[in-house]
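See structure below.
Any read-out appearing in this document is the output of simple, stated calculations on the displayed coordinates, not a laboratory observation. Every value quoted in this text rests on a predicted model; they were computed, and no experiment measured them. Note: ideal-geometry Cβ built from the backbone for every residue, glycine included; neighbour counts use all protein chains shown.
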Number of protein chains: 2
Amino acid sequence: EKSKSKFLNFTSNIKKKALGDPRRVIHSLKVGSAITLVSLLYLILPLYEIFGLHAIWAIFTVVFVFEFTVGAVLSKFTNRGFATLLAGALGVEGVNLANCFGQKGKPFVLGTLLFVLAAGSTFSRFFPRIKARYDYGVVIFILTSSLVLVSGQRVEGIFDFACQRLYDILIGGAICIVISLFVCPVWAGQDLHNLIASNIEKLANFLQGFECAYFECSVCKDNPDKSVLEGYKSVLNSKASEELLANFAWWEPGHGRFRLFHPWTHYVKIGALARQCSYKFETLDRYLTPEIHVSLEFKGKVQEPCKKLCWEASQALKALSSSIRTMTEPCDAKLHLENSKNAIQNLKIALETTSLEDEELIAIMPVFTVASILIETTKCVEKIHDS
Amino acid sequence: EKSKSKFLNFTSNIKKKALGDPRRVIHSLKVGSAITLVSLLYLILPLYEIFGLHAIWAIFTVVFVFEFTVGAVLSKFTNRGFATLLAGALGVEGVNLANCFGQKGKPFVLGTLLFVLAAGSTFSRFFPRIKARYDYGVVIFILTSSLVLVSGQRVEGIFDFACQRLYDILIGGAICIVISLFVCPVWAGQDLHNLIASNIEKLANFLQGFECAYFECSVCKDNPDKSVLEGYKSVLNSKASEELLANFAWWEPGHGRFRLFHPWTHYVKIGALARQCSYKFETLDRYLTPEIHVSLEFKGKVQEPCKKLCWEASQALKALSSSIRTMTEPCDAKLHLENSKNAIQNLKIALETTSLEDEELIAIMPVFTVASILIETTKCVEKIHDS
C-alpha cells in the first residue's frame, strides 16, 4: 500500500511538471529524436557506408550541445566548433614540431606541450568574462588539443584525425541546430522578456496585496493569498538566471518581435532595478507581521494617501509590465506615476497637519519612505525601458 | 606603442589574477600535470603496451572531472562512474534484447530504446533536485547508453566495450582524485566556511561605515571608504555560490577542522539570514545620499543611541563572524546583543522625550527600524549557529 501511494505520488509529480511547462516534454522528445537521428547514420547500413564511424562521435556532440533554448545551442555549438578548429590546428602544428625532435625527443616535447596548453587554458577559465561566455569552448579546447597531441605519438594521419573530429561536430551540430530552430523553438530572448515582465508584475501584485493586508481595506475582504505576497521573493535571486538568459539571447537570430541585435543588456538593467525594488519590499514585508503594533488612530490618518500611493505605484508597475509585454511606449505608467507623485504630496500634507504625539508611527513611516523610493526606482525603469 | 601598452595591460591583468588567489595558478598546474600524467600512459611505450588505447579515453575523464574543489571532483567522478555503470548495464541488456528480434528488427528496437532513454533522462533533468546534484550524471548516462546501444549494431563484444569505458573512467578518475586530494587540496567546505564568515564581516563593516558616514562622527574624520560601504552588495547575490559550495562540501571527506558529516546546510541557512540583513542594508544605503535632507536638530537628539546601536550591532556581527572562523561559542556576540537591546530602549526613551514637530524625521526613522530588524536577524543567526 505504502509503495503504491509513493508511486502514485511520483507519477502525479511527473504529470505536474509536464503540464506546468509543456515545452519541457517537447524538449525531451526533441533530444530523443536528435540522438536517434544521429544514430541512424550508424544503424542504417547504406548511411553507415557513407559516414562510417563518425556517427558515434556525432552522438557526443548532440548530447553535450543540445540545450533547452536556441541561444544555448548556438552558443555551445559555436564554442565547440571554434575550440575544436583552433585546438586541432595547434595540435597538428605541435605534432609537426615534435616530429623534428626525433623518436626519442618526441614524447617529451608532446608532454611539455600538453602540460603548457592544459595549464594555460585552465587558468584562463578563472577570468569572469571568459567564464561567462566561453567556458565550454575552453574545456573542449583542452580536450581536443590533448587528444590530437597524444594521438600524434602513435596515429599516423594526425591531420585526418583532427579533421574527423571537426566533421563529427558539424554533423551533430547541424542536427541540433535544425531541430532546435525549426521544431517548436524555445527562445532564450523570449524567456528573458517574459521573465522580466512577470517579475515586474509580481512586484505590482505585492504592492497591491500589501495595501490590502496592511490597511485591511474593504474592497478585498478576503485576505490576499500568501502566494501574491510572496511572489516577489523569486525576484530577489533572479540575477543569475537573467544574466544567463541574456547571454544566450545574444546568440539568437531575430525571431518573433525581436530583431537580431535586440538590446538584451537593457533587460539585465531593468532586472537589476526590479531586484532593487524587491529588496525594499523585503523590508516592507516585515511590517505585515502582527507583532509590530501600531497606533490605529494615526494609521487611520495616513491611510488614505498611503493606500492611494500603493495603488498608483502598483498600477504604474502593472502598466510597465504590460508595456514590456506588448513592447509599446508606457503612457499609462507615466499617468500613474504622476498620480503617485500627487499622492506623496497629499501624504506630506496629511503628516504636517497631524499632531505627532505618538511614537508608534515608527511602524507607519517605512510605508512612506519605501514607497517614495519605489517611485524613484519606477522612474528609472521607465527611463531605461526604450524597446 | 598602443599594442605594447595593451600587451602590458594584459600581462598585468594576468599577474593580478594570479597573485589575487595563488590557488588558481596551482589548480591550473594540477590540471596540466594530471593530463600529462594520463597521456604518459599512452606516450611511454611499456605503459602503452599495458593500457593500450584506454589512455585516450581517460583523457576525457580528466578534462571533464577535474574541477577546482575536492568536493566538485568527487561529485563529478561519482556521477560519472555510477552513470556509466548504470548506462552500460542497461545498454548491454538493451542490445541483448534487440538481438532477439533478428537482423531486420534490431535497428528499430535499438532506435526506439535510444529515443525512450534519451527523452526520459532529458526530462528528469528538469527536476530541481536532480538538476542540483546529479545533472552531470544524467548527461553521462545519456551519452554512454547511446554509445553502447549504437555500437550494439556493429561491434561484436559489446560487453567488453562497456567495461572498457568503465576502466577509462577509473583510471582518469583515480588520477584526478589523488592529485586533487593530496596536492594542495582546495576544499569546498573550507571555502563555504570562509565565505559565510567574510560575508558576515562585510555586513559588520557596512554598519560601522554607515554609522560614520551618516552621523559624521569625530572618531573617523576621514570618510569611510566606498569599498567598505559597498562590500555588502556582494552578499545580496551570494545564494547560488553558497548552495553550490554546500552541495560540493557534502561530498568531501573530513578535513582540517571539519568532520565528515559537518552540518553544511546550517551554513546555507546562516547565509540566507545574512542575505536578509543585506537586503535591509540596501534600504539603509539609500539614506546616505545627500539629497535626502534631515533636520539636524532632531538628528542630534537620536544620534547617541543610534550610534550606540549601530556600533553594538556591528560588534555583534564581528564577534559572530570571528566565532564562525574559530568555531567557538559566540559569547562576545551575546554581550553585544544585550548592549544593543539596551541601546534600543534608550532610543525609545529619547524618542518619547523629544517633541516631534518636524516631519523630516522620516529620514531618521529607518535607521531605527532597520537596526531593530537587524537585531532580530542577528539573534536568529546566533540561534542557528551551533558549530
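Summary of values
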read-out: Convex hull of Cα atoms in region A:81-226, direction-averaged projection (nm²); value: 13.9 nm²
read-out: Inverse mean reciprocal Cα-Cα distance (Kirkwood Rh) of region B:53-130, Å; value: 14.9 Å
read-out: Per-residue Cβ neighbour rank within 10 angstrom, fewest leading, B:11, B:69; value: B:11, B:69
read-out: Copies compared at residue A:261 - label distances in nm, ascending, label defined 7 Å from Cα in the Cβ direction; value: 5.8
read-out: Rounded to whole Hz, the Karplus (6.51, -1.76, 1.60) HN-Hα couplings of region B:131-146, x for glycine and proline; value: 3, 5, 10, 10, 4, 4, x, 5, 4, 5, 4, 4, 4, 5, 5, 4
read-out: Whole-number D in µm² s⁻¹ for region A:229-268, Kirkwood Cα-pair radius fed into Stokes-Einstein, 25 °C, 0.890 mPa s; value: 215 µm²/s
read-out: Label distances, nm, residue A:2 versus same residue in remaining copies, Cβ-directed 7 Å point; value: 7.5
read-out: When each of A:15/A:239; A:308/A:341; B:239/B:269; A:76/B:16 is checked by Cα-Cα distance, pairs over 18 Å; value: A:15/A:239; A:76/B:16
read-out: Karplus-derived HN-Hα couplings along region A:161-170 (A = 6.51, B = -1.76, C = 1.60, θ = phi - 60°), whole Hz, x at Gly and Pro; value: 4, 5, 4, 4, 4, 5, 4, 3, 5, 5
read-out: At R0 = 25 Å, FRET efficiency that the Cβ-Cβ distance of residue A:334 and residue A:194 yields, to 0.05; value: 0.60
read-out: Within region A:121-165, backbone nitrogen closer than 15 Å to the virtual label 7 Å beyond the Cα of residue B:16 toward Cβ; value: A:127-130
read-out: Exercise: per-residue mean of other protein chain Cβ atoms within 10 Å, B:109-115; value: 5
read-out: Label zone at residue B:26, where the point sits 7 Å out along the Cα-to-Cβ direction: region B:246-261 residues whose backbone N lies under 14 Å; value: B:256
read-out: Cα-based equivalent ellipsoid, region B:168-213: semi-axes from gyration tensor eigenvalues, Å; value: 42, 8, 6
read-out: Separation in nanometres of the label points that stand 7 Å from Cα toward Cβ, at residue A:135 and residue A:116; value: 2.9 nm
read-out: J(HN,Hα) series, region A:184-192, from Karplus relation 6.51 cos²θ - 1.76 cosθ + 1.60, nearest Hz, glycine and proline x; value: 6, x, 10, 8, 4, x, 4, 4, 4
read-out: Footprinting exposure proxy for A:124, A:314 (fewest neighbouring C-beta atoms within 10 Å first); value: A:124, A:314
read-out: Radius ratio Rg over Rh of region A:1-116, counting only Cα atoms, Kirkwood formula for Rh; value: 1.22
